[in-house]
Amino acid sequence: MKTGRTIQEIGAEIMRQSQAKEDYLVNTNSIVMEDWDGKPMLHLRGGDGLDLIEPLEIQQTAHRQIGDYLGIPRKYYDRMMDSDVGLLSYNVNRWFQREPEQRMIRTMDGRARAFLSNRYRRIDNLDIARVTLPIIGEMPEARYESCQLTEDYLYIKVVNPRLTAEVTPGDIVQAGIIISNSETGQGSVCVQPLVYRLVCSNGMVVNDAKTRRTHLGRASNTEEDFVIYSQETLAADDKAFILKLQDTVRAAINEVQFAQVVDKMRESKGIKLNTANIPSVVKMASASFGITEAESEGVFRHLIQDADYTLFGLANAVTRYSQDVENYDRATKLEEIGYSVMTMSPELFRRINQVTSMAA
């Protein structure tokens, strides 16, 4: 599992961010993008043309959301941002004025970090921490194995050493849970079981047993062009969600569910890879599960090092490689992909091995 920050560090940063962020409901005809020395800046302006707040830098996620909202192809948007910010600003401003609509802009530390629908339902990291951390505190011996706050996600990964099993003699795994959330519209609140393998500190996210809550609510509308959102916590109509989230956290480290996952691991340990052409096995599996060519090389390297030429070994090569990835978001996704590889359908596995045999 990729190393992150301590829960104390995450808690302190969540509290800091809760004070540093502001949300605005803004009509797009009050938004202006300008070229400042080759850097696009976002202005929120009143009817008199004056800035209502300090100009905002634009985070990559917000750039993507602006481009998608306006229907500007990403490749062209990126080209303008790299080589002609004036042209990018012209295009963005033209469409903002031509088709005005209220949008939510999420800001923090002088940056526009998300450009979202006015239907976006804010469930923030502070809300999630307040609801889930007390429940985790009730679990004897539970440890925070890895936590992180990226530009787009919160991750809390917890392991329960009281729930332990052996896949094979000496290969010990422990039950755990991952809680994730995005404040920038990149994902739902999500609670998933995970399995922690002691022999190599691998984490495998169980992606077929997730509970999620989308950030979609009723549309927010105002006759004004610019409204500052208050930093209220979860509203009363989210009480049912809070209770469900708490119950899900308690149930995620569940003995029956953990036993089922361990059984799948043991089963995959008995499924042999076609060793006639291992590079083709890895390449075909990577292509099937969205692993890039560069990542595939790392997966192959770990598979050869561990010399476990089974489906279990291939899945663990993916999760082991995740520790080498610099980006924490991508590392966590690879932990999830590892489980998908391990539980791939028999038909897909046969197809991968058949192609390999033919290539050999």
Filter the stretch 313-347 for residues that are among the hydroxyl-bearing types (S, T, Y) and part of a loop (DSSP other than H, G, I, E, B); the one that is surrounded by the fewest Cβ atoms within 10 Å (Cβ to Cβ) is S345
Residue list for the stretch 105-127, restricted to those being touching a residue at least 60 places away in the same chain (Cβ under 8 Å) and either among the aromatic types (F, W, Y) or within 17 Å of P193 (Cα to Cα) (or both): Y120
Read through the list (1) touching a Cys at 6+ places or on another chain (Cβ under 7 Å); (2) under 30 Å from I31 (Cβ atoms), then give the number of the only condition that I156 fails. (2)
How many residues does the stretch 285-312 contain that are out of contact with any strand residue (DSSP E or B) (no Cβ under 9 Å at 6 or more places or on another chain), buried (at least 20 other Cβ atoms within 10 Å of the Cβ) and in contact (Cβ under 8 Å) with a residue 40 or more places away in the chain? 2
Which residues, taken from the stretch 270-302, are within 12 Å of I352 (Cβ to Cβ), within 21 Å of the chain's Cα centre (by Cα) and part of a helix (DSSP H, G or I)? S286, A287, S288
Can you list the helices (runs of 4 or more DSSP H) lying wholly within the stretch 1-100 that have 3 or more residues being farther than 28 Å from T132 by Cβ and modelled with pLDDT of 95 or more? 60-70, 74-83, 85-98
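The values are calculated or read from the model by the stated rules, or taken from the named source; none is laboratory data. Everything numeric here is computed off the predicted structure, so don't read it as measured data. Here the Cβ is made from the backbone with ideal geometry for all residues, glycine too, and neighbour counts use every protein chain on show.
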